[in-house]
Amino acid sequence: MKMVFYQLPQSLNPTHCWLVEHLLIVQAVSQSLIRIDEKGGFQGDLATRWHIENGTKYTFYLDKNATFHNGTPITARDVALSISQHFYPDTKSIVKRYLKEAFGATPTFEDNILSNLKIIDKNTLQVNLDNPFPPFLKVLAMGNFSVYKNVNGKLVFSGPMIPKAYTDEETNLTGWELTHRDSKRKNKILVLQSNNFSETYSLLKNNKIQLMLGFSVSDVLDESLSNGLRISKVNSLATSHMYYNTTQPLFTDSTFREDFGRFIQSEAKKHSNMLTKFSPYFLPRGVLSYNYYNSHKFNAIDKSLLLQKWGNRLKGKTIKIVLMKRAFSSEFVSSLKYELESLGLNVELVLCNDQELMHYLKNPDYDIIGGRFMAGFSDPEGFLNSISEESPLHYGVFNTKWISDEIDGKRPFKSSIDRTEAYDSVISKYEDSWGSIPLFRFYVPIIHAKDIKLPNSEFRFVAEIWKISHDK
């Protein structure tokens, strides 16, 4: 079976992975201590069982028969090293900050192993948290915390599929070849990379591939599917928001940012569709408490009122908007441009791919920037990466250090309720400052042949791509 993803990881080292497409591959070839099952509950993976004491001591008992692909046993030390590498000083991991509350801001090590981790015996690992951390099991279930071993400079995993770097020089396609451990029962999966929607869709129509994933919402919505193809949408924790460059003269005033943001939200509300859902909250529903969502009601502002209040500020001004192409529908983008120009603005619109967007994130030559962000798990810490000044994915230039400082000042939390209330108040304060314009929550589209059977498509479970098969 052949699939094409929009972007593949250059390395399968879990610390180097940050996109959902990366983790789809990593979770196919590796195992973690636990996984999330089809119903959203926890199930053992490398750990057959675990025990929790006082909310801070987690003891995991490993499968004694678990081995890496090269046949060597998986030990508690292998697991401990795999977790610890996320906290090394030179780490590239994006999930380090997720566990600051659990392991402390300045973790220490003994023999390259995080001091919070204690090896009881070769099959038993104890994790001692500095403070109770309710989402801890969810974090461990992320593909980033997969277990691996470095053997003579080569990464070795233990998952249901064995990876092999794939290069076809003649056609210049790169990807990963994934072979099931029980090759008598399952076929190989070849996952290739392309960011050209038209070429990839042509391959799919001509049965050269069977599935494509990660492409622009705009391209998918604009395409009329051929007979024999279908779209499966995957529930996700992905959001598409816009962020102000608050150093630009037009957006230094927070009251103007709010009115302008509500006008853009008014336009976004008209453009929910099968893949994008209007959601005027920085964090999608289900992440914070009901109080957060109930206290943030959407209030539209129409064109006449905006012009009445700010017409002199808007007329004749040029505004540069940079948008990640695969994060917004073309219908919404063209409609927004038209409406902004009707305010008297000159709109310079830049639609770019992921790499081009990274350039603008590092060199803020824009007035507003918009893109996609997908958190790794349903906790506020995951979403704060998009506005954290420590993150390479930092959207906008609005000062957000105070957010982490204020949350850190409330730690340690006595209960999960106290923790949620703290995030409620801080994120609400951020929203009230209008450093960003919350817009959409969206689904991940998978275009595939009709005879392809996907696993349960709830959030995260779709990562088990080894369960994708021909429905015969």
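The values are calculated or read from the model by the stated rules, or taken from the named source; none is laboratory data. Computed from a predicted model, the values in this text were never measured in an experiment. Virtual Cβ from ideal backbone geometry, glycine too; neighbours counted across all protein chains shown. Accessible surface is based on the protein model in full, side chains and every heavy atom, while ligands, DNA and RNA are left aside. Shrake-Rupley method; radii C 1.70, N 1.55, O 1.52, S 1.80 Å.
Being among the basic types (Lys, Arg) and within 23 Å of the chain's Cα centre (by Cα) is the filter; apply it to segment 97-154 and report the residue that is farthest from residue 19 (Cα to Cα). If you could, list the steps in order and put the result at the bottom.
The first filter runs over segment 97-154 and keeps only residues among the basic types (Lys, Arg), leaving 97, 100, 118, 122, 138, 149, 154.
When the remaining residues are screened for being within 23 Å of the chain's Cα centre (by Cα), the result is 97, 100, 138.
Values: 97: 17, 100: 21, 138: 17 Å.
Selected residue: 100.
With respect to (1) at pLDDT below 95; (2) surrounded by fewer than 18 Cβ atoms within 10 Å (Cβ to Cβ); (3) among the charged types (D, E, K, R), the lone exception for residue 219 is condition (2). Being over 30 Å from residue 423 (Cβ atoms) and buried (at least 20 other Cβ atoms within 10 Å of the Cβ) holds for only one residue in 157, 133, 145, and it is 157. Among the numbered criteria (1) hydrophobic (A, V, I, L, M, F, W, C); (2) open to solvent by 20 Å² or more (accessible area, probe 1.4 Å); (3) touching a Phe, Trp or Tyr at 6+ places or on another chain (Cβ under 7 Å); (4) under 30 Å from residue 41 (Cβ atoms), which one does residue 422 miss? Unmet for residue 422, out of (1) hydrophobic (A, V, I, L, M, F, W, C); (2) open to solvent by 20 Å² or more (accessible area, probe 1.4 Å); (3) touching a Phe, Trp or Tyr at 6+ places or on another chain (Cβ under 7 Å); (4) under 30 Å from residue 41 (Cβ atoms): (2). Restricted to segment 250-360, the set of strands (runs of 3 or more DSSP E) holding at least 1 residues that are within 17 Å of residue 440 (Cβ to Cβ) and at pLDDT below 95 comprises 276-278, 318-324. Determine if segment 353-361 includes at least one residue that is crowded, with 18+ Cβ neighbours inside 10 Å and in contact with a helix residue (DSSP H, G or I) (Cβ under 7 Å, 6 or more places away or on another chain). Within segment 353-361 (the criterion being crowded, with 18+ Cβ neighbours inside 10 Å and in contact with a helix residue (DSSP H, G or I) (Cβ under 7 Å, 6 or more places away or on another chain)), the answer is no, since none of the residues qualifies.
Could you tell me whether any residue of segment 182-189 is modelled with pLDDT under 85, out of contact with any helix residue (DSSP H, G or I) (no Cβ under 8 Å at 6 or more places or on another chain) and open to solvent by less than 70 Å² (accessible area, probe 1.4 Å)?
Start the filter on segment 182-189 by keeping residues that are modelled with pLDDT under 85, which leaves 182-187.
Next cut, out of contact with any helix residue (DSSP H, G or I) (no Cβ under 8 Å at 6 or more places or on another chain) only: 182-185, 187.
Then keep just the ones that are open to solvent by less than 70 Å² (accessible area, probe 1.4 Å); that gives 182.
Checked segment 182-189: at least one residue is modelled with pLDDT under 85, out of contact with any helix residue (DSSP H, G or I) (no Cβ under 8 Å at 6 or more places or on another chain) and open to solvent by less than 70 Å² (accessible area, probe 1.4 Å).
So if I check each of 56, 108, which one is surrounded by fewer than 19 Cβ atoms within 10 Å (Cβ to Cβ) and touching a residue at least 24 places away in the same chain (Cβ under 8 Å)?
On the way: 108 fails: touching a residue at least 24 places away in the same chain (Cβ under 8 Å).
Result of the check over 56, 108: 56.
Residue 417 passes every criterion in (1) of a type outside the set (S, T, N, Q); (2) closer than 22 Å to residue 289 by Cβ; (3) surrounded by 15 or more Cβ atoms within 10 Å (Cβ to Cβ) apart from (3).
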